[in-house]
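The values are calculated or read from the model by the stated rules, or taken from the named source; none is laboratory data. Quick caveat, the model's predicted, so the values are computed rather than measured. Please note: Cβ atoms are built from the backbone with ideal geometry, for glycine as well, and neighbour counts cover all protein chains shown. Side chains included, ligands, DNA and RNA excluded: accessible areas come from the protein's heavy atoms. Shrake-Rupley method; radii C 1.70, N 1.55, O 1.52, S 1.80 Å.
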Amino acid sequence: MHDAVPPSAESRHRKVASGDMPFPDERGQVAVVEYRPQWPAEFELLAGVLRDALGDLALRVDHVGSTSVPGLPAKDCIDVQVRMRSIDEARDEPLLAAIGFRCRPEPWNRIEVSGGQRCHKLVFAPPIGARSCNVHLREGSGPNARFALLFRDYLRADEDARRA
């Protein structure tokens, strides 16, 4: 028997780019459900775990995405934004891996453009068997971090926008 060789980052990216799910435990189909009042409490539990793991590297932990908007139907997946002092994959990935979070291998992970500016980011999937979530690490001063908060707050404040 040969020792198993883990797939390279390049082969993981190639597989994901072809449409396969990167983690076997992930659901392929996503359903939108009515707003669930337990989502904020579920976010708070998750935020505490992340604050403990990241310590003072995390400037803020915010509930973002559709589950953060009361009354808005959403996919049942908590989106968390962790505003970091800086993004350093070699430092950050092991900190979250130590508590079971998996760095997303998709090609879109690591850079996003917001307001014409390239912004560093890392997105993590939950530990196997844990509550469905996406953890977005973004630099605290980046326009991408600000956009996530402004969009959430706009939807919270504008009933017509929520209905649309």
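Of the residues that make up region 143-155, is at least one in contact (Cβ under 8 Å) with a residue 40 or more places away in the chain, within 16 Å of VAL61 (Cα to Cα) and among the basic types (Lys, Arg)?
yes
Return yes when GLU89 is open to solvent by 70 Å² or more (accessible area, probe 1.4 Å) and either modelled with pLDDT of 95 or more or over 19 Å from ASN144 (Cβ atoms) (or both) and no when it is not. Give the steps one after another, and end with the answer.
On the way: open to solvent by 70 Å² or more (accessible area, probe 1.4 Å): yes; either modelled with pLDDT of 95 or more or over 19 Å from ASN144 (Cβ atoms) (or both): yes.
So GLU89 passes the test.
So GLY65 clears everything in (1) out of contact with any strand residue (DSSP E or B) (no Cβ under 7 Å at 6 or more places or on another chain); (2) on the phi > 0 side of the Ramachandran plot; (3) modelled with pLDDT of 95 or more except one condition, right? Which one?
Evaluating GLY65 over (1) out of contact with any strand residue (DSSP E or B) (no Cβ under 7 Å at 6 or more places or on another chain); (2) on the phi > 0 side of the Ramachandran plot; (3) modelled with pLDDT of 95 or more leaves (1) as the failure.
Condition test on ARG138, is it outside any loop (DSSP other than H, G, I, E, B), touching a residue at least 40 places away in the same chain (Cβ under 8 Å) and open to solvent by 30 Å² or more (accessible area, probe 1.4 Å)?
Numbers: outside any loop (DSSP other than H, G, I, E, B): yes; touching a residue at least 40 places away in the same chain (Cβ under 8 Å): yes; open to solvent by 30 Å² or more (accessible area, probe 1.4 Å): no.
No.
Taking LYS121 as meeting all but one of (1) surrounded by 17 or more Cβ atoms within 10 Å (Cβ to Cβ); (2) in a loop (DSSP other than H, G, I, E, B), write down the number of the exception.
The failed condition is (2).
Name every residue in region 68-108 that is out of contact with any strand residue (DSSP E or B) (no Cβ under 9 Å at 6 or more places or on another chain) and closer than 25 Å to VAL33 by Cα, in order of residue number.
VAL69, PRO70, GLY71, LEU72
Can you tell me which condition ALA145 does not meet? The list is (1) at pLDDT 95 or above; (2) in contact with a helix residue (DSSP H, G or I) (Cβ under 9 Å, 6 or more places away or on another chain), and all the others hold.
(2)
Exactly one condition in (1) modelled with pLDDT under 95; (2) open to solvent by less than 60 Å² (accessible area, probe 1.4 Å) is false for LEU54; which is it?
Checking LEU54 against (1) modelled with pLDDT under 95; (2) open to solvent by less than 60 Å² (accessible area, probe 1.4 Å), the one that fails is (1).
What pairs come out if I take residues in region 87-115 that are assigned to a loop (DSSP other than H, G, I, E, B) and pair them with residues that are of a type in the set (D, E, K, R) whose C-beta lies under 8 Å away, six or more apart or interchain?
Filtered contacts from region 87-115: ILE87/LYS121; ILE87/ARG138; ILE87/GLU139; PRO105/ARG12; ASN109/LYS121; ARG110/GLU89; ARG110/LYS121.
If you go through region 68-80 one residue at a time, do you hit one that is surrounded by fewer than 17 Cβ atoms within 10 Å (Cβ to Cβ) and either among the polar types (S, T, N, Q) or assigned to a strand (DSSP E or B) (or both)?
The answer is yes; a qualifying residue exists.
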